[in-house]
Structure formats: C-alpha cells, structure tokens
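Just so it is clear, none of the values below were taken in a lab; they were calculated from the coordinates. This one's a predicted model, so the numbers in the text were calculated from it and none came from an experiment. FYI the Cβ positions are ideal-geometry reconstructions off the backbone, even for glycines, and counts take in every protein chain you see.
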Amino acid sequence: MSKDFATTITQTLRQQGFQAYLVGGCVRDLLLQREPADYDVATSATPAQVMEIFPQTYAVGVQFGIVLVPLPEEQRTSADENATSKSQAIEVATFRSDHGYSDGRRPDEVRFSHDPREDVARRDFTINGMLLDPLNNEVLDFVGGRKDLEAGIIRTIGDPEKRFEEDKLRMLRAVRFAARLEYEIEKKTLEAIRRRTQEIEVVSRERVRDELTKMLTEGHARRAFLLLDESGLLREVLPEISTMKGVEQPPEFHPEGDVFVHTLLLLENLPRPCPPTLAWGALLHDVGKPATFRVAPDRIRFDNHVDVGVKIAEEICGRLRFSNHDSAQILALVDNHMRFGHVSRMKESTLKKFLRMPGFDEHLALHRADSLASHGNLSTYEFLQKRLAEIPPEKIRPAPLVTGDDLMAAGHVPGPKFREILEAVEDAQLDGRLLERGAALEFVKREFPV
C-alpha cells in the first residue's frame, strides 16, 4: 500500500480547504516503524465533497461517511486488481460522532463533524486513535495513544464498557492487538471484557471467524489463545478448545503436558506466513481428545479421537461459516494427522497416494509442528522431504495405463467393479509392478476375468 498516495490525498483535500490526516492503524504501525497493511484518511470533507474532488471514488459506506479512493493502476498489485478492495484503495472517512448501537456493531445514527477530537473519541483503542499529518510528520494525539504505545498497553478510548457495548467484536480485537504487539491489556479494559464475554454471541460468526483467523496467522497464536482463555472469551467462541485444558496425555509421547498445552505449543511452530486452513487444522487436530480420554491399564488412551475430532471440527467449521473449500482442507488435516505414524510401513503405492493429497504441504507442515510440540523427533518429516525430492511428480501421479473405455472393450460392464479394477491397476503401477499399457491389460485379463 502506498503512503505516497495517501499523502497525496491528504494534501489535495487540504488544498481544497479541508482538514485531512492519516488515522488509525497505519499511524500506529508507522510509529512502531512497521509497514502498514493499508492507509486510512480522516477528513472534515463530507462524502459528497470527497467524491467531487476525486471523481473515481467508490461509495462503499456513505451513510457512515466512508468512500474509497482507488490507487492509480500502476500502483496496484497484480495479485488483486479489484479497485474497490481495501488493499487497492485508500479509505477516506469524514470526521463523525456515532450515536446508539442497538445491534452491537453499527451506529444507529452518524453525525458528521469538523472536529478531529470528536472523531477519534468514537474509535476503539488509544493506540488506534492517533492522527498523523504526513506533510510535516506531526502526530495529533488526543487520547494518550502514544504513551500507551510506548508502555505496551491496550486500552480503550474512554469508558471500556461503552466501547464494548458499541461493538462487541472489540473484545476480540483487544486480545488480537495485545498478542500481535506483545502488549498487556489494561486492567479496566480486561475487567470489562470479563464482564461482557457472553455478549460476543451477538457478533456474526463470520466476523468472529475472521478475527480468530488473524490471531492464528499473525505469528502470535499461542499468546492470543492464552489471552482468550484468561479473558473468558475462549469458552464463549471456541468451547471445544477450552475443554482441552487439563486433559492429560501419556507422558512417553507428550512430555510437554496436556492437550491444551500441546496445541498451543504446536501453534508456535507453524510456518510464517501461515495459510489459514493450516492454522485452523493445527488448532483442531486434537479436538477429539477430550471426548475420548480414558485411562487404560497400560496408559492413557484416546480411542477413535481422529474420527470424533473430524465430527467436532465439521461442526465448528459450519458454525463459523467457512467456505466448503476451506472446510474440506481443515477436516482433511484433522483426519490425516495420525497417518504420519504409519509412513514407514506404507506400501509404495499407498505412500505415493498419501504424498499427492491436496494441499500436502500443509499436512507436512502440521506434522512437523506436531512433532516439535511433543517428542521432537523429525525423522518422519525428513524421510518424507527426501522422498518428495526423489520421486518425480509424474511418478506420484502417473498417466493411467488402463481406462474405463479399455474395460468396456474387454467386456466389463460399467459399475462399482470398474473402480476396483482401475485402483488395482494404479496400485500396481505405483508399486512399479506395471510399467506399460500392454502389461496392464494382461493384468486386468488375468486378475479380473469377464
């Protein structure tokens, strides 16, 4: 995202007689000497005035005073050419005050203002409430954000009860910012969260999912989930993870501790950046253990915890409204994570099918993190890395030697038997027992007579 373009917007607005500043997270990040993900501008100009000054603007939230000014085409990233996306535009918002939040998310009434102090007073946290004049690099701080930034504190602007009443999602955002920045949540702010945890239920599941996904993928997931637990939010948004606490594991396999401890350690070992599906698969990989815990004569056991875990993960994915594609990958990660223990005993055909699972790089990354969070033995991970390097892709997914047309030509009737025959031919091919078409047809004739 271009700071230069955001600066140009503020300069243009000022030349037209309006106040204009950079605002919010971008100011915070610039003061922390971090590269902002995006830039926002706050101004005394109304949406109509902004759209008159910048004819290419998109009215995405005029009722809340928000319009988007798209980046010039030459500054847009090829990964996302959508001019209305947040990554390809500067959000320009009119100074405003908000009144009434009957849905716990959006204000019932918005009143435009010419006072930047009134505008920042409605925002969430002090560290997100600073303004920056990019032309002279002057920071306008009416809420004590710079002091809290230096002290490493997440504090609401004004009364925390009021801020969380306005938008319940701010409770999760407090946790995320504290985790990401390695800050502490100020005492009164944390106490207000603890009193209101049940109110998170009014927030849409999609917004909760997206906030949790950010926690999982921003590189501080363990700290985030410890704070979720400490604040009481975890039992409200993901009770299935909360129940992992205190569930013992056999020390010979898990010297690190209970299922909750193991899961949070695993999250620490995920790659950065981390795909969201991998992060969720990692969080949920042992979600079936609390329900299947038993103490057997020989040791602690979790019989069928994978099957149970898949069902629980499926319910969570549905509840949080993941896409079908993401749900399928998350469930596959849960379903297959124990198969790595059988790799050394797999037939060559089984191993190659294992290696060609969709998104196998995520399965392998989960196994590595799982190992590091328990016994620390990476021999299976290293073995699979070696095999992937050795086996050409065409040997893992070879062109079929026999097709359904071949089977019909040989007199077989289409039906369930087709799949059995084709799989048997493919297994022999993957094992190296069948190398060419003629031998494969003879194999079918011999093993599956009409």
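Sorted largest first, the spans of the alpha carbon positions of the range 176-223 along the three principal axes are 28, 27, 12 Å. Among 180, 356, 205, determine the one that fluctuates most according to a GNM of the chain built with springs between C-alpha atoms less than 10 Å apart. The residue with the greatest mean-square fluctuation here is 356. Mean separation of Cα pairs under 8 Å and 6 or more residues apart, divided by the residue count, gives the chain a relative contact order of 8 percent. Extending 7 Å from Cα along the Cβ direction at residue 138 and again at residue 345 yields two label points whose distance is 7.4 nm.
Note on the chain: with charges restricted to the Cβ of Lys and Arg (+1) and Asp and Glu (-1), its dipole about the Cα centre is near 620 debye. Packing here is the average count of other Cβ atoms within 10 Å per residue, and on that basis the peptides 270-282, 290-302, highest first, run 270-282, 290-302.
What the pair-distance distribution of the chain shows, using all Cα-Cα distances binned every 10 Å from zero, is 4, 16, 22, 20, 16, 11, 7, 3, 0 percent. Within the chain, antiparallel bridges make up roughly 80 percent of the DSSP beta bridges whose residues both belong there. Annotation: amide H of residue 40 within the under-5 Å range of 23, 26, sequence separation 5 or more or interchain, hydrogens built in the peptide plane.
Taking a quarter of the surface of the Cα convex hull of the range 252-302 gives a mean projected area of 3.9 nm². Of the residues 33, 63, 429, the one that moves most in a GNM of the chain with alpha-carbon contacts below 10 Å is 33. Structure note, pairs 395/417; 168/214; 214/353; 3/187; 162/311; 352/417: Cα-Cα distances above 27 angstrom occur for 214/353; 3/187; 162/311. Ranked by the mean number of other Cβ atoms within 10 Å of their residues, highest first, the peptides 122-135, 303-316 fall in the order 122-135, 303-316.
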